Amino acid sequence: MSFARFTSRFAGFLGFVGVSAAVGVLATVAITPALAVTSIAANETIGIFEDLPSYLEIGALSQRTNIYATKANGKRKLLASFYDQNRVEVPWEKVSGYAKDAAVAGEDPRFYEHGGIDLPGTLRAVLSNLMKKDVQGGSSITQQYVKNVIIQNTIKDLKTQEEVSAAFREATAPSQARKLREMRLAIGLEKKYSKEQILLGYLNIAHFGGRVYGVEAAANYFFSTSAAKLTLPQSASLMAIVNNPEKFRLDYPDSESNGSANGYATNKDRRDYILDNMLEERMITLGEHDEAVAAPIEPKITEPSTGCQTAKGAAYFCDYVTNLFKNDDFFGDSKTRWQNFVRAGYDVYTTLDPDLQKAAESAVHDNVPAHMAGLHIGGVAVTVQPGTGKILAMTQNTKYSEDPAVLKKPQYSAVNYNTDIDYGGSSGFQPGSTFKLFTLVQWLKEGHGLNEGVDARVRPSWGTFRDSCADGGTVNAGGYSPHNDNNEPGGHWTALYNTMQSMNTGFMAMAKQLDLCGIRKTAEAMGAHRANGDPMQQGPAFVLGTNEIAPLSMATAFATVAAGGMSCQPIAIVKIVKRGGSEIPVPPKSCKRVISADVAATAAYALNRALEGGTGRSSYYALTTFAPMFSKTGTTDDAHATWITGGSSKAVTVAGAFNTQNKGAVSLREMNFPSGYAADARHRIWPRIMSVANAKYGGDPFPEPPANLLRGRTAEVPNVKGLTLDSARAKLEDAGFGFEDGGKRDSDLPVGIVIGTNPSGTTSRGAIVSVYTSNGKLMTVPDAVTASSSFGESRARLGAAGFGDVREACVVDAAGTGKPTAQHPAPGSGAKATTAITVTISKPSC
């Protein structure tokens, strides 16, 4: 086709465009014939233009979502960001004037003159297309904006990168029909929006290579500055990238054609072209131009905070927050909620306390190594707030990563040891004796008291247990026979003693009097459950903590005691602010009473005694600040894990060290960490965290336990006076009481005969009864008054009984006859031979 013939056939098209640009009127009658006689109208384009839509819906752009913690001074601390497209939308006044002018000069110098389509540019492109039988550029800024909006609208609901890539290819494939559609929409866009709005939209949507979108994110990434502070040469370099992101981007320093060695020559050529245009369009002065052209290109690549690894020590807490968005139905349909999160541009404010988190991180990392050769060692700390469920701190000994290459290093892990499998990948760990809390609470719920005793002697089998959930209502322990630490053989111990000293046989004996199903239901009500989602295994052994439970769940359960019986589900998100500043709903606080305030107060009392005078005293003495507190320790079979859980009314912390794998597990009691004895790492971690919590939050006194839950059920102590010691023991134990030999005391009874007990009368059922026997060192005082007519007769009777120190006491009585009227000690009592015995005589005068 000759150029003259082409120009004749294209005249109608130019007429249409010119009129549209001038008056915004679509001459549909004129356009169809014009297109019909040109190659542009072939096949797909005939009759299309007048039917194309002129309205383009501009949806919200994908922006990065940020997760924050809040400092004590109220300022926010960025933990991590997430995005499909790294973009931060900014208003007009937050973009450098240089950047705005550079965009116009580089992409569309006649932007402020046309009505959406640049006629000379479009003519040039069409000529090139027709002569080369190819589709060329020539798009105005408005057309480019239209194209980018269409792309964003197309991919916003797609789930996978493959889907996004396919949609992008389809939306940008060279096509005359696509070009016409963009032209029509550009004309419509110019009718609805101002030039300022269109240019700002373009600057916020433009692609700068990789996952960098928008001028603010580009300024952050390439020059470590903001869009508002971009210099002239920086602005021109960024706008150069927009023209061809892969060709002109500045984050390939080793590139031969556009790298640091040649001063980023390709970008500089395009940059200087833009600067020349800016000078020609009188956007800058000659001096500004020359200075900018002479300026070297010096990118300062600043990787954006993306993914939880940027949260460093708080990465596992960050991971927990992201899993809330992935798993919680509150945030919408499972197919879309994660994509909504990474594209929505939310500011997510969390419960994390940076001060407590810092203390937890240093305490764990100082005391549990991230890796030890040949071993799989874990260490954790997690703190929750009683009464709200807020997670205040969460950390572990390993470093966080999701990169498969990085995860080959043993000090890294993507598994969050603190949480359930759906919220971090862990199947949990046996809590050992910290699980005894639930037997203690059930003991109190069923009306027992702390001072009630049980027969906690080791036995070959514990026999049958009550279990209302089992067929037949009972289960048999078979040959299960747990032992105590240090091979303690057991005894008759109170519930309080069992708790303070964490006696296995004591808790087995307590469980024998309870309903195992009730213990399980109490544990679940307080927040304990298996981390892998399976039902809790229930049997005699589970009393001692054999189910695998997440540390966060155990912290939640102990916080129930600290909150006076109110159990609160863990929460990690305080508020979510969406773009524009308004808030969206977050999962609400969910608290409910699961045990009575009296039971909680009594459990807190017992656990406080365990902390200050029992198995937790190593942690107690390591505290540097104090508040009313409680705790329970736990050690699993073979010491594969050691724990301490407890806290105050304001903060409850779980701290522990453990084997992360059963295979090759080692006893922590048989090894040392660099920080010291491995089994005691918990006692070096917990007090450091709780000291910070006490200093910051304090703690309220726990209520006094009611007398009935201290005393518990009562019974009458049998009278065993006059029996032999063995006979007294048998009689007491048959009545359900514990026996304790109180030793020998002075008595006139024969040596070895029981003279009394403490307590006596009514006392707590199963209480420990001290039994006292005679040492035979006392004599029975005879009656020296009744049969005596004088002091001399009384003295003779007492002397005959072996008492040599007899004294007279005279009382004046006008009717007195001199006969004895009283004596001390009284007749029948026991006294030593050296005891002075006083006989009172009544006389008219003394």
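The values are calculated or read from the model by the stated rules, or taken from the named source; none is laboratory data. Computed from a predicted model, the values in this text were never measured in an experiment. In this analysis, Cβ positions are derived from the backbone assuming ideal geometry, glycine residues included, and neighbour counts consider all displayed protein chains. Surface accessibility is based on the protein's heavy atoms, side chains included, excluding ligands, DNA and RNA. Shrake-Rupley method; radii C 1.70, N 1.55, O 1.52, S 1.80 Å.
Give me the Kirkwood hydrodynamic radius of region 710-802, using the inverse of the mean 1/r over all pairs of distinct Cα atoms, in Å to one decimal. Mind dumping the intermediate values first?
Working: mean 1/r = 0.0663 Å⁻¹.
Kirkwood hydrodynamic radius for region 710-802: 15.1 Å.
Does anything in region 761-800 have its amide N under 14 Å from the 7 Å Cα→Cβ label point of Glu808, and if so which residues?
Only 789-796 pass the distance filter.
What FRET efficiency, computed as 1/(1 + (r/R0)^6) with R0 = 56 Å and r the Cβ-Cβ distance, is obtained for Ala826 and Arg617, rounded to the nearest 0.05?
On the way: r = 48 Å, r/R0 = 0.86.
Using R0 = 56 Å, I get an efficiency of 0.70.
Taking Cα atoms, how many degrees apart are the long axis of helix 516-525 and the longest axis of the chain, rounded to 10 and kept between 0 and 90?
40 degrees
Find the all-direction average of the projected area of the Cα convex hull for region 196-271, expressing the result in square nanometres with one decimal place. Don't skip to the end; give the middle numbers.
On the way: hull surface 19.1 nm².
Dividing the Cα hull surface by four gives the mean projection, 4.8 nm².
Three principal axis extents, largest first, for the C-alpha atoms of region 368-462, in Å?
57, 41, 23
How high is the FRET efficiency between Val577 and Ser427 when r is their beta carbon distance and R₀ equals 45 Å, given to the nearest 0.05? Write out the running numbers ahead of the final one.
Working: r = 35 Å, r/R0 = 0.78.
E between Val577 and Ser427, to the nearest 0.05, is 0.80.
Taking only Cα atoms of the chain, what ratio of Rg to Rh do you get with Rh as the Kirkwood inverse-distance radius? Spell out each step's value before the answer.
Numbers: Rg = 43.4 Å, Rh = 34.0 Å.
Rg divided by Rh gives 1.27.
Round to the nearest 10 and give me the degree value, 0 to 90, for the angle of helix 315-327's Cα axis relative to the longest principal axis of the chain.
Between helix and principal axis, roughly 70 degrees.
Using a 1.4 angstrom probe on the protein heavy atoms only, line up Lys777, Lys399, Lys408 by accessible area, largest first. Each step should come with its number before you reach the end.
Values: Lys777 135, Lys399 110, Lys408 170 Å².
The residues order as Lys408, Lys777, Lys399, largest area first.
Can you compute the helix-only [θ] at 222 nm over the chain? Use -39500 (n - 2.57) per DSSP H run of at least 4 residues, normalise by all residues, nearest 500 deg cm²/dmol.
Details: 27 runs with 305 residues, N = 846.
It lands at -11000 deg cm²/dmol.
Which percent of Cα-Cα pairs in region 220-311 sits in each 10 Å bin, short to long?
Cα pair-distance distribution for region 220-311, in percent: 17, 46, 28, 7, 2.
Run the accessible area of region 469-535 with a 1.4 Å probe and give the carbon-and-sulfur part as a rounded percent.
Numbers: 1220 of 2690 Å².
Of the solvent-accessible surface of region 469-535, carbon and sulfur hold 45 percent.
Starting from 0.36 nm per residue, how many nanometres of slack lie between Asp700 and Glu402 once their C-alpha separation is accounted for?
So the extension gain works out to 103.1 nm.
Given 0.36 nm per residue, what is the gain on full extension from Tyr112 to Asn340 after removing their alpha carbon distance, in nm?
On the way: separation 228, 0.36 × 228 = 82.08 nm, distance 3.62 nm.
In short, 78.5 nm is gained.
With all protein chains present and a 1.4 Å probe, how do Asp680, Asp420 order by accessible area, largest first?
Values: Asp680 55, Asp420 35 Å².
Largest to smallest exposure gives the sequence Asp680, Asp420.
At q = 0.27 Å⁻¹, what base-10 log of I(q)/I(0) does the Debye formula yield for region 483-534 when every alpha carbon is treated as an equal point scatterer in vacuo?
-1.00
Roughly how many Å² is the accessible area per residue of the chain, as a whole number, for a 1.4 Å probe?
The answer is 43 Å² per residue.
Would any residue of region 796-810 have its amide N under 14 Å from a label point 7 Å out along Cα→Cβ of Thr835? List them or say none.
So the set is 798-799, 801-807.
I want to verify the translational diffusion coefficient of region 402-561 in µm²/s; compute it with Stokes-Einstein, Rh as the Kirkwood radius over Cα pairs, at 25 °C and 0.890 mPa s. Could the numbers behind the result be given before it?
Values: Rh = 16.7 Å.
Roughly 147 µm²/s, to the nearest whole number.
Leaving ligands, DNA and RNA out of it, work out the accessible area of Arg211 with a 1.4 Å probe and give it in Å² to the nearest 10.
We get 120 Å² for Arg211.
State the Kirkwood hydrodynamic radius of region 663-762 in Å, one decimal place, computed from all pairs of distinct Cα atoms.
Details: mean 1/r = 0.0517 Å⁻¹.
The answer is 19.3 Å.
If I model a spin label as a point 7 Å beyond the Cα along the Cα-Cβ vector, how far apart are those points for Asn476 and Ser675 in nm?
4.7 nm
Name the residue farthest towards the positive end of the dipole of region 669-755 from the options Leu710, Pro687, Ile755, assuming +1 on Cβ of Lys and Arg, -1 on Cβ of Asp and Glu, about the Cα centre.
Pro687
Sorted from largest down, give the three principal axis spans of the alpha carbons of region 617-718, whole angstrom values.
In descending order, the Cα extents are 52, 45, 21 Å.
Report Rg(Cα)/(2.2 N^0.38 Å) for region 752-846, keeping two decimals.
For region 752-846, the normalised Cα radius of gyration is 1.47.
Restricted to Cα positions, what overall size does region 262-348 have along the principal axes? Three whole-Å values, descending.
If we take the Cα atoms of region 262-348, the spans are 60, 29, 21 Å.
Taking the Cα centre of the chain as origin, sum charge times position over the Cβ atoms of Lys and Arg (+1) and Asp and Glu (-1), and report the length of that vector in debye to the nearest 20.
Details: 84 positive and 81 negative charges, 178 e Å.
Taking the Cα centre of the chain as origin, the dipole is about 860 debye.
Only sites in a loop by DSSP and with at most 15 other Cβ atoms within 10 Å count here; which GluC sites (Glu not before Pro) in region 229-284 make the cut?
Numbers: sites: Glu246, Glu256, Glu280, Glu281; in loops: Glu256, Glu281.
Those that pass, being in a loop and sparsely packed, are Glu256, Glu281.
Taking the 0 to 90 degree range and rounding to the nearest ten, how far is the long axis of helix 141-155 tilted relative to the main principal axis of the chain, both from C-alpha atoms?
40 degrees
Of the accessible area of region 201-354, with the probe set at 1.4 angstrom, what percent is carbon plus sulfur? Don't skip to the answer; put the middle values down first.
On the way: 3010 of 6380 Å².
Answer for region 201-354 is 47 percent, counting heavy atoms of protein chains only.
Taking amide H positions as placed 1.01 Å from N in the peptide plane, with prolines and chain starts having none, which residues 5 or more places from Arg530, or on another chain, fall under 5 Å of its amide H?
Hits under the 5 Å cutoff: Met536.
So between Glu716 and Asp290, what do we pick up on full extension, going 0.36 nm a residue minus the alpha carbon distance? Could the numbers behind the result be given before it?
On the way: separation 426, 0.36 × 426 = 153.36 nm, distance 10.54 nm.
Full-extension gain reported as 142.8 nm.
Given R₀ = 56 Å, what would the calculated FRET efficiency be for Lys843 paired with Ser770, taking r from the Cβ atoms and rounding to 0.05? All intermediate terms of the calculation are to be shown ahead of the outcome.
Numbers: r = 47 Å, r/R0 = 0.84.
Efficiency, from the Cβ-Cβ distance: 0.75.
Considering only the other residues whose Cβ falls under 14 Å of the Cβ of Asn532, what net charge follows from Lys and Arg at +1 and Asp and Glu at -1? Walk me through the intermediate numbers first.
Details: positive: Arg530; negative: Asp420, Asp422, Asp534, Glu548.
In short, -3.
Rg and Dmax in Å for region 475-632, alpha carbons only: what are they?
Considering region 475-632 through its Cα atoms, Rg and Dmax are 18.8, 68 Å.
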